[in-house]
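The values are calculated or read from the model by the stated rules, or taken from the named source; none is laboratory data. Computed from a prediction, not measured in an experiment: that's the story for all the values here. Note: ideal-geometry Cβ built from the backbone for every residue, glycine included; neighbour counts use all protein chains shown.
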Amino acid sequence: MVTHVPPRVPMEPVLTDLPAGSGLWRCHPTGCPAAGFNPVLSHRYFDGGRFDGTADDAYRFLYAAPEPLTALAETLLRDVPYSAAGTRVVPWVSAVQRSLTRLRVTEDLKLVRLVSQADLAAVFQDAWLLEGESDRYGATRYWAQEIRRYAPAAQGMVWQSRRNRPYHAVVFFSDRCEGEPVKAVEEQSYHLGTFEGVAKANRLLAPLRAMILPPGIRP
C-alpha cells in the first residue's frame, strides 16, 4: 500500500484521447440530469468517491464507463457480498431512485491514463490508487489533486474498473471541460425503479452473478 506524499520531482502523467462521438454509460440519480456534473464537493478526508473534487481542489465531477455493466457495477456493487446461494443481491433501495443512461461524448477529450503499471508509475503510484477501499478515499482524492496539478491539459482520468475487470471507468473534471462534454441519449435511458429498467439491469448484471431484487420477489 502506497500512502506516502508524492516525491518532490515532477510527475509525468500519461495522457490519452477520448474522441468525440464515443459512447459512455452512467448510473445516476433519476432526478439529476444524466449528463450533469455532481456539484457536491466531498470532504477532504471522509465519505465521497475515489477521485471527487474537494475544497482543496474544487471541481465538479462526472463518473461514467464505456460499458453499461461497468457503470452499474461501479455504482451498485460496492460492498455487496456473495450470498450463501452464490449471488450478490443489490438492495432495492440502492437502485429504485437510479437510472442507467447512455451518453455521447461531444468533443475530443484528453484523459490521464491510469491503466497499466507504467501509467501508475508515471504518477509515482501502484495499484493501491485504484484498489483502496472507501476508507482510503481521502488519500486517493489528494493524489488526484496532485495528478491534476501536473497534467493541466487533462479533462479527466481513465482507469481499470475494480468491479468489472478488465473494462474501464472514467471521471471528468468540470473546470477543464467547456460547455457540455457529454450529452444524454434519452432513448437509451432505463429507470431502475421500474420493472422494465430492473429487467434490463439484471440482464446486464447476470455475468457478475448479481441482481437487483424488487420487493415481493425472492432471489
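Listing for the model above:
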item: Where Tyr137 falls short, out of the listed (1) at pLDDT 95 or above; (2) within 18 Å of the chain's Cα centre (by Cα); result: (1)
item: Counted residues, the stretch 76-90 - those being at pLDDT 90 or above and not in a strand (DSSP E or B); result: 10
item: Candidate set from the stretch 163-201 (those that are in contact (Cβ under 8 Å) with a residue 60 or more places away in the chain and among the basic types (Lys, Arg)); member that is nearest to Ala34 (Cα to Cα); result: Lys183
item: In the stretch 131-155, residue surrounded by the fewest Cβ atoms within 10 Å (Cβ to Cβ) [restricted to those that are among the acidic types (Asp, Glu) and part of a helix (DSSP H, G or I)]; result: Asp135
item: Top-ranked residue of the stretch 162-219 - restricted to ones that are of a type in the set (Gly, Ala, Ser) and out of contact with any strand residue (DSSP E or B) (no Cβ under 8 Å at 6 or more places or on another chain), ranked as nearest to Leu24 (Cα to Cα); result: Gly179
item: Residue count, the stretch 110-130 (criterion: touching a helix residue (DSSP H, G or I) at 6+ places or on another chain (Cβ under 9 Å) and not in a loop (DSSP other than H, G, I, E, B)); result: 8
item: Matching residues in the stretch 8-44 - criterion: being loosely packed, with under 15 Cβ neighbours inside 10 Å, touching a residue at least 24 places away in the same chain (Cβ under 8 Å) and under 30 Å from Val96 (Cβ atoms); result: Pro29, Gly31, Pro33, His43
